[in-house]
Amino acid sequence: MRILILYNVATTIKKGDELDMVCEQEIQIIVPIVATLLRAKGYEVETLETNYSLWENLKAKRPSFDLVLNLAEAFGGTNSNEVLVPTMLEALEIPFTGATAHNMTITLDKAQTKLIALANGVLTPAYQIFRDGTGSLSQNLAFPLIVKPIREEASIGIRHDSVVRDSESLQRKTKEVIRLYRQPAIVESFVVGREISVGIIGNGQNLHVLPTLEFLFAEARTPYEQIRSYEYKWGGKKEQMAEAVLSSETSALLAKYVRRIFIATECRDYARMDFRIASDGKIYLLEVNYNPGVGPNTHGLNNTLTKMASFEECSFEDLIERIILTAAQREYLV
């Protein structure tokens, strides 16, 4: 099979601040590794950056590949407009791995994701949307709260001070998020408890749920510091992750929720979902991660989906091929 790997290198900030660029750079390490391992498995591989000539480049290269492995997380050398990549692929009728433009649009929006989850019987933290940094707090919310941009991923916009415990801090953080990210801020009830993540691979009725992973926060001094802040995730230290030890009932309920939301949000091929389990055992969906980062847990990298796969003895090489074959089967290429 002939594979074209699409990737982006962000050099221009369109939203956020310079610190946000850190998470955009590891793709330059991942793409050569993925290309090398796929060639070793017998695939023909090309790579292509998603710059402003992407449309013309895709049309010119179309006869030379069968499937796109879409690792692009933005477009045009910026840290924005990721949805334009699948939009172009769909317009050109090119088969590709992972999220469609529609799926990206749904799951990037945390409020829309919540509505879908609640309609499908999955709890989410109570929330309120702030569009201009003013307005009073809803009566069904109480401190502590966590403030996030409504349409970001990879912990972008979630900093060490995103958990707020008074009105002054709430107003300051919502205004900061709106100014930096040029989008509404979503304010959620902060759920004290365990933060876990569940990966899933497949399509239709053939969905495989990976072993559950738990994020650990050994250096946190209070429960309010136990968050996957941008500093925690990208601040130079590896995230602390382990296979979650859960009851069989909780594991079964998580697997049911993940399959249900994967289908309801129209995910494809693979995804990852983050949850909080409160002290009373209730499970709350935090977000759906389409095209979750895939990279080795070597070369100074730390990838959640790869770690989950390792819990069932699936190597990084095999995980990449598994994603490709899942997409190829959906597209009737194999």
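The table below gives the values:
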| quantity | calculated |
| --- | --- |
| The listed residue being in contact with an Asp or Glu (Cβ under 9 Å, 6 or more places away or on another chain), farther than 23 Å from Glu82 by Cβ and small (Gly, Ala, Ser), out of Gly133, Gly204 | Gly133 |
| Conditions (1) within 24 Å of Ile261 (Cα to Cα); (2) buried (at least 19 other Cβ atoms within 10 Å of the Cβ); (3) hydroxyl-bearing (Ser, Thr, Tyr); number of the one not met by Thr105 | (2) |
| Test: Ala99 is small (Gly, Ala, Ser), out of contact with any strand residue (DSSP E or B) (no Cβ under 8 Å at 6 or more places or on another chain) and either in a helix (DSSP H, G or I) or crowded, with 20+ Cβ neighbours inside 10 Å (or both) | no |
| Test for Arg151: is it over 30 Å from Ile201 (Cβ atoms), in a loop (DSSP other than H, G, I, E, B) and under 18 Å from the mean Cα position of the chain (by Cα) | no |
| Residue check, Tyr332 surrounded by fewer than 16 Cβ atoms within 10 Å (Cβ to Cβ) and among the hydroxyl-bearing types (Ser, Thr, Tyr) | yes |
| Residue among Ile196, Ile200 that alone is among the β-branched types (Val, Ile, Thr) and touching a His at 6+ places or on another chain (Cβ under 9 Å) | Ile200 |
| Candidate set: segment 183-213, residues that are on the phi > 0 side of the Ramachandran plot and at pLDDT 95 or above; chosen: the one nearest to the chain's Cα centre (by Cα) | Gly202 |
| Candidate set: segment 279-318, residues that are over 20 Å from the mean Cα position of the chain (by Cα) and at positive phi; chosen: the one surrounded by the fewest Cβ atoms within 10 Å (Cβ to Cβ) | Glu313 |
| Criterion (touching a helix residue (DSSP H, G or I) at 6+ places or on another chain (Cβ under 8 Å) and assigned to a strand (DSSP E or B)) met by exactly one of Thr107, Thr87, Thr47, Thr113 | Thr47 |
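Here is a yes/no grid of residues against (1) basic (Lys, Arg); (2) touching a helix residue (DSSP H, G or I) at 6+ places or on another chain (Cβ under 8 Å); (3) in a loop (DSSP other than H, G, I, E, B); (4) surrounded by 17 or more Cβ atoms within 10 Å (Cβ to Cβ):
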site: Gly135; (1), (2), (3), (4): no, no, yes, no
site: Arg172; (1), (2), (3), (4): yes, no, no, no
site: Lys175; (1), (2), (3), (4): yes, no, no, no
site: Ile178; (1), (2), (3), (4): no, no, no, yes
site: Gly199; (1), (2), (3), (4): no, yes, no, yes
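The values are calculated or read from the model by the stated rules, or taken from the named source; none is laboratory data. This one's a predicted model, so the numbers in the text were calculated from it and none came from an experiment. Quick reminder, even Gly has a Cβ in these numbers, built from the backbone with ideal geometry, and neighbours come from all protein chains shown.
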